[in-house]
1. How well do other chains shield peptide B:114-121, expressed as the mean number of their Cβ atoms within 10 Å of each residue Cβ?
2. If you take the beta carbon distance between B:Asp290 and B:Glu256 as r and set R0 to 25 Å, what does 1/(1 + (r/R0)^6) give as a FRET efficiency, to the nearest 0.05?
3. Roll a 1.4 Å probe over the protein heavy atoms and report the accessible area of A:Lys98 in Å², nearest 10.
4. Considering only chain A, what is the antiparallel percent among its DSSP beta bridges, to the nearest 5?
5. How would A:Thr245, A:Thr142 rank on accessible area, largest to smallest, probe 1.4 Å?
6. List the extent of the Cα atoms of the protein assembly as shown along each of their three principal axes, largest first, rounded to whole Å.
7. When Cβ neighbours within 10 Å are restricted to other protein chains, what is their mean count per residue of peptide B:90-100?
8. Using only protein heavy atoms and a 1.4 Å probe, report how much of A:Thr54 is accessible, in Å² to the nearest 10.
Amino acid sequence: MPRLSYRKALTRALADEMGRDESVFLLGEDIRVAASNVTAGLLKRFGPDRVRDTPLSEQAFTSFATGAALAGLRPVVEFQIPSLLFLVFEQIVNHAHKFPLMTGGQAEVPVTYLVPGSGSRTGWAGQHSDHPYSLFAHVGVTTVVPATPADAYGLLVSAIRHVDPVVVFAPAGAMDVRADVDFAALAPVPIGRGRVHRAGDDVTVVAVGHLVHDALAVAEALADQVSVEVFDPRTLHPFDWDGLTASVARTGRLVVVDDSNRSCGIAGEIIATVVERVRLLAPPRRVTRPDGAVLPFAPALDRAVQPGREQLTAAIQLTMKDE
Amino acid sequence: MTRDDPVRLYRTVRLIRRFEERAVDLVRAGAIVGGIHPYLGQEGIAAGVCAALRDDDLVTGTHRGHGHVLAKGADPARMLAELLGRETGLNRGRGGSMHAADLAVGVLGANAIVGAAGAILTGAVWARRRRGDDLVGATFFGDGAVNEGMLLEAFNLAALWRVPVLFVCENNGYATTMPVEGAVAGTIPGRAEAFGMPAAVVDGQDPEAVRDATAAAVARMRAGGGPELIEARTYRFDAHHTFEHAVRLDYRAPQEVAAGRSRDPVDIQGARLSGADRAAVDAEVEATLDAALEFALASPEPDPAGALEHLYASGLVARTGGG
């Protein structure tokens with residue numbers, strides 16, 4: 001089977017949707033020359049009217065996309081640095097997200113915000129390394145974080161077809177992941193449905209984005225001691241609570257690994273919801289960035305702040321010891 | 001009678017005036033909760049600009065937005081029902097005074113975030129023109145908004161991409177209580193000229209002067225010109241917000257208010273009509289607003305069970321906050 005990289009899966013999704021639907025167009029900084037590589041080849045195929053380079057005016061072009069969506073188009077806005085989302089939080093949350101309700105159902109805002117290279121890219125320091133997906137889930141913006149090439153393709157396609165605003169976080173840690181993929185089998189992945197990557201009986205590990213690959217590696221390494229089920233929510237809002245509940249109801253134990261900050265992060269919400277629904281055999285645990293983390297520059301410091309395999313291993317072992 | 005007939009222009013100004021006076025009364029009576037930002041004194045701008053627009057042209061406005069929505073042709077009865085939070089309101093009671101929108105008449109929404117609506121309108125007009133429509137847009141904002149970066153970014157995008165948007169600055173001299181001299185370095189037309197955008201200053205108290213300036217700008221824009229700016233000099237007769245009376249803000253000298261009120265757009269336009277015509281319009285406006293009030297007060301309040309309706313255009317049902 002041919003190999004497909006996560007990055008090329010995103011490109012393929014954009015190309016397929018632009019080819020399928022005239023109303024889809026791309027907007028962003030340096031997308032003409034594909035500075036992120038994700039929009040490579042699209043200018044040549046679709047022309048400058050549908051692959052529009054913008055000035056450095058994040059707030060204006062994000063709201064420009066809102067207006068274009070109100071007028072019937074389906075914009076995809078690329079942000080090459082996740083921290084730019086802080087700059088346009090206002091435009092996404094206060095306008096795009098609120099328009100349908102505030103207008104009493106008159107308006108639809110089908111914009112996709114694509115953030116390739118979200119999270120730490122190592123060495124990009126304080127203002128380029130955030131992973132703010134929990135913020136968007138908190139305010140209720142549809143938020144997806146694919147882990148694999150097939151899911152990156154399928155969730156980006158679904159995001160573009162979705163009638164509400166969607167933020168697609170493509171973690172830097174996943175961008176170079178490659179997988180054997182049957183191209184003919186690439187298909188939309190429904191928003192709001194999780195995926196069990198590995199079945200297990202003793203503990204459910206919920207892993208977000210690129211951490212799915214770490215969780216799978218840890219599960220494999222611990223295979224002779226503990227049977228780990230790896231659950232990938234794929235969408236953080238709306239979350240597949242039923243899918244996760246079914247998993248934890250079988251295993252009775254829960255560990256969450258999440259590359260966002262601990263306080264008010266998605267890991268806390270996952271644990272809270274599961275304990276509302278399931279009687280656990282042991283206290284749940286979470287592995288996250290520290291409270292209010294800012295990633296330091298030096299590689300050793302950067303890694304020290306990110307959730308890692310050692311911490312996840314320790315959390316699983318602790319959970320297994322607790323009764 | 002054509003759309004820019006003096007009688008029709010007077011009717012619009014008078015309708016907005018009496019709508020606002022009645023709305024202020026309803027706030028004082030406790031029937032409208034949350035209060036309003038009265039447009040009293042500024043009616044000539046909305047009336048004059050919209051008289052020079054076509055029905056299919058698009059408009060966005062501000063928190064002081066009733067006049068824009070009414071001038072563009074929204075039903076006063078449904079507008080009043082919206083202010084009263086009724087199910088029959090333009091926004092089904094979900095938006096209220098600051099978010100009144102009527103997409104059917106090209107009003108993409110009043111916007112409560114100062115300076116936010118210009119970029120949204122730019123995107124909407126660009127999208128519609130890409131589909132072959134020759135429509136234009138007009139966005140209203142106050143003098144305070146010219147210090148908001150997002151609006152200046154929108155100036156740049158509109159000028160760069162030659163999007164026919166008329167930026168209408170309603171300079172009433174104050175951003176809430178901050179005088180324009182204390183807030184705006186340079187000049188308001190200078191902001192536009194910096195982006196290569198034609199700019200004019202017009203007497204906002206004279207509806208016909210506003211209409212004529214708008215008509216000239218719209219003709220150029222529709223013929224393929226880029227965006228333009230009009231600074232309409234006006235005066236806010238009443239408070240920034242109806243709440244202001246309760247807190248007794250003191251920032252305008254009584255002599256200044258008296259001088260401002262002496263140039264009343266209702267009287268300026270009314271003087272262009274015969275006494276009989278003016279009396280007939282006044283009577284017709286009262287009858288319209290009597291019927292509007294009757295309709296609005298007789299309309300049902302929304303069912304609390306529907307508080308989350310339209311939160312997602314996709315029909316996603318959010319989890320409730322209780323239990």
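1. Details: counts 0, 1, 7, 3, 4, 12, 16, 5.
Averaged over the peptide's residues, the number is 6.
2. Values: r = 35 Å, r/R0 = 1.38.
That gives a FRET efficiency of 0.15.
3. Here the residue's solvent-accessible area equals roughly 80 Å².
4. Working: 8 of 40 bridges.
Bridges in chain A are about 20 percent antiparallel.
5. Details: A:Thr245 30, A:Thr142 5 Å².
Most to least solvent-accessible, the answer reads A:Thr245, A:Thr142.
6. The principal-axis extents, from largest down, are 96, 54, 44 Å.
7. For this peptide, the per-residue mean of nearby foreign Cβ atoms is 4.
8. Approximately 20 Å² of A:Thr54 is accessible to the 1.4 Å probe.
The values are calculated or read from the model by the stated rules, or taken from the named source; none is laboratory data. In this text, all values refer to a predicted model and were calculated from it rather than measured experimentally. For neighbour counting, all protein chains shown are included, and Cβ atoms are generated from backbone atoms with ideal geometry for every residue, glycine included. Remember, those area values only see protein heavy atoms, side chains included, never the ligands or the DNA or RNA. Shrake-Rupley method; radii C 1.70, N 1.55, O 1.52, S 1.80 Å.
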